Amino acid sequence: MTVGSQLKQTLAVLKGVRGTLRIYANQAQEEEAKKAYGEGLEELKAIIGDLEERLGALEMAEPQYKGS
Amino acid sequence: MPESLEILLRSLALFLLVFLVVRLMGKKHPAKMTPFTFVVYSVVAVIAALTALKVIENFILGLLALAVWTLIPLALDYLAARSKVVHDLLHGKETVLIKQGKIMEDNLKQARLTAEELLRDLRVKDVFNVADVEFAVLEATGDVNVLLKSDKKPITPHHMEWKVLPRTEPQTVIMDGNIINEGLTNMGLNHRWLEEELEKAGVALENVFVGQVDSSGEMYLDLFDDAVQLPQPKVRELLYGGLEKAQADLTKYALEVEGEEAKNMYAGNAEKLNQLLQKLRPFLLR
């Protein structure tokens, strides 16, 4: 498995987590939980952004792996 | 009027009356009554029975006695709620049995409690060692309540400085195959949500005996058919696991990748994820 596809896998996991966190942030009854989920969501968005940028750079450098 | 008819009518009237009176007297549990309340309830019961069976010939006289025995306790209850003196006079005061780890023998004698009985009452509270007790009090109801020495108290999350999630009460949304609308609205959910959850679990509404939603929005289902194994909600653990895996991945990439900038980016994000894991842990794992 190439670095690019590994990174894609990690990204997929993180995006799955992001989706679930978003549901929880909306569904949680306690103010404290709502806040924690919301903050977690924001942090996760930033991390995903970083990783996507890195993935873009990888694909530019090694176009043969694009889409794999 | 024939005798039987009269007794029937009297019984019916008193049944309703006593029902109302007991309701009016409040929600005190029979086992937790103080002697005074016990006497009041007993006298009300006896008067009602005697009047219903015509032992007290005059119905009006029976009602009169009943009125006295219900209205005066009600008035006293009213006063007791406002004045500690009246309350103590009516229901008695609690007696301190053990103070600072020492048994108060005088108080024990005053309450007519033997050492044997004290030890038994302590054992009821799961205390077998008198040495573990800091403070014990005999309530007016006869219960003994115990405060353990601080090093003998059970450990709570507070002692461990753990952060735990406040949980509100779960709401029952399905009972006997019927949707309970009150539970759903309390949770801010609707029928559509419930249908989706049931579809996810792969069960029909008719097959559910009890469905409860906890404060995080997860539903627990109990089916009529106990042979069916339902997967219990594990989304939280999976979510936490996913985050942990991603964190490990990023740490690995940081080690593998060449180039200072990419390394720093991975390491920084791995650290951020780590902090996120710490923060969400109490909410996701419990």
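Ligands, DNA and RNA excluded, the heavy atoms of B:S216 present near 10 Å² of accessible surface to a 1.4 Å solvent probe. Summing charges over neighbours of B:L147, with a neighbour being any other residue whose Cβ is under 12 Å away from its Cβ, gives +3 when K and R count +1 and D and E count -1.
Residue by residue along B:276-284, Cβ atoms of other protein chains within 10 Å of the local Cβ number 5 on average.
Solvent-accessible surface of chain B, taken per residue with a 1.4 Å probe and all protein chains present: 65 Å².
Excluding same-chain neighbours fewer than eight residues apart, the aspartates and glutamates reachable from A:K45 by a Cα-Cα span under 19 Å are A:E53, B:E244, B:D249, B:E271.
Can you tell me how the stretch B:114-260 classifies by the Cα gyration tensor, rounded, prolate or oblate, using a/c under 1.5 as the rounded cut? Oblate.
In chain B, a dipole from Cβ-located charges (positive for Lys and Arg, negative for Asp and Glu) runs towards its positive end, and of B:V130, B:H191, B:T156 it is B:V130 whose Cα lies farthest in that direction.
Between amide H atoms placed 1.01 Å from N, distances below 5 Å from B:S215 occur with B:T168, all of them 5 or more places distant or on a separate chain. Since only A:G49, A:T10, A:Y37 are under comparison, the one whose Cα sits farthest along the positive direction of the charge dipole of chain A, derived from C-beta charges on Lys, Arg, Asp and Glu, is A:T10.
Note on A:27-38: average number of Cβ atoms from other chains within 10 Å of each residue's Cβ is 5. Residues whose amide H lies under 5 Å from that of B:L97, counting only those 5 or more places away or on a different chain, are B:A136, B:V137, B:L138; hydrogens are built 1.01 Å from N in the peptide plane. Can you give the longest run of chain B that contains no GluC sites (Glu not before Pro) sitting in a DSSP loop with at most 11 other Cβ atoms inside 10 Å? It works out to B:58-160. From the alpha carbon centroid of the stretch B:9-51 to that of the stretch B:215-286 is 59 Å.
Given a 1.4 Å probe and heavy atoms of the protein chains only, how would you sort B:W162, B:W193, largest accessible area at the top?
Largest accessible area first, the residues go B:W162, B:W193.
A simple spin-label model places pseudo-atoms 7 Å from Cα toward Cβ; at B:N181 and B:V130 they are separated by 6.2 nm. Here the protein assembly as shown is assigned +1 on the Cβ of each Lys and Arg and -1 on the Cβ of each Asp and Glu. Its dipole about the Cα centre then comes out at about 1060 debye.
Note on the protein assembly as shown: dipole from Cβ charges, positive end direction compared against B:N181, B:P282, B:H87; the farthest Cα belongs to B:H87.
What FRET efficiency comes out for the pair A:T2/B:K152, r = Cβ-Cβ distance, R0 = 56 Å, nearest 0.05? Efficiency, rounded to the nearest 0.05: 0.40. Partners of B:K32 within straight-line reach, counting lysines whose Cα lies under 25 Å from its Cα and excluding those fewer than 8 residues away in the same chain: B:K84, B:K93, B:K99, B:K109, B:K125.
Net charge of the neighbourhood of B:L243, taken over other residues with C-beta under 13 Å away and scored Lys/Arg +1, Asp/Glu -1, is +3. The relative contact order of chain A, computed from alpha carbon pairs under 8 Å that lie at least 6 residues apart in sequence, is 43 percent.
When only DSSP loop residues count, what chymotrypsin sites (Phe, Trp or Tyr not before Pro) in the stretch B:67-136 have their Cβ near at most 13 other Cβ atoms within 10 Å? Before the final figure, lay out the partial values.
Values: sites: B:W69, B:Y78, B:F128, B:F135; in loops: B:F128.
Taking the stretch B:67-136 and a limit of 13 other Cβ atoms within 10 Å, the loop chymotrypsin sites (Phe, Trp or Tyr not before Pro) found are B:F128.
Surface composition of the stretch B:3-89: carbon plus sulfur atoms contribute 79% of the solvent-accessible area (1.4 Å probe, protein chains only, all chains present). Heavy-atom accessible surface of B:I7, to the nearest 10 Å², is about 50 Å², with a 1.4 Å probe and all protein chains retained. Model label sites at B:V137 and B:F209, defined 7 Å from Cα along the beta-carbon direction, differ in position by 4.2 nm.
The B-A contact accounts for approximately 2700 Å² of buried accessible area, totalled over both chains at a 1.4 Å probe radius.
The values are calculated or read from the model by the stated rules, or taken from the named source; none is laboratory data. All values reported here derive from a predicted model rather than from experimental measurement. With ideal geometry, Cβ positions are generated from the backbone for all residues, glycine too; neighbour counts draw on all protein chains shown. We work out accessible area using only protein heavy atoms, side chains counted, and drop any ligands, DNA or RNA first. Shrake-Rupley method; radii C 1.70, N 1.55, O 1.52, S 1.80 Å.
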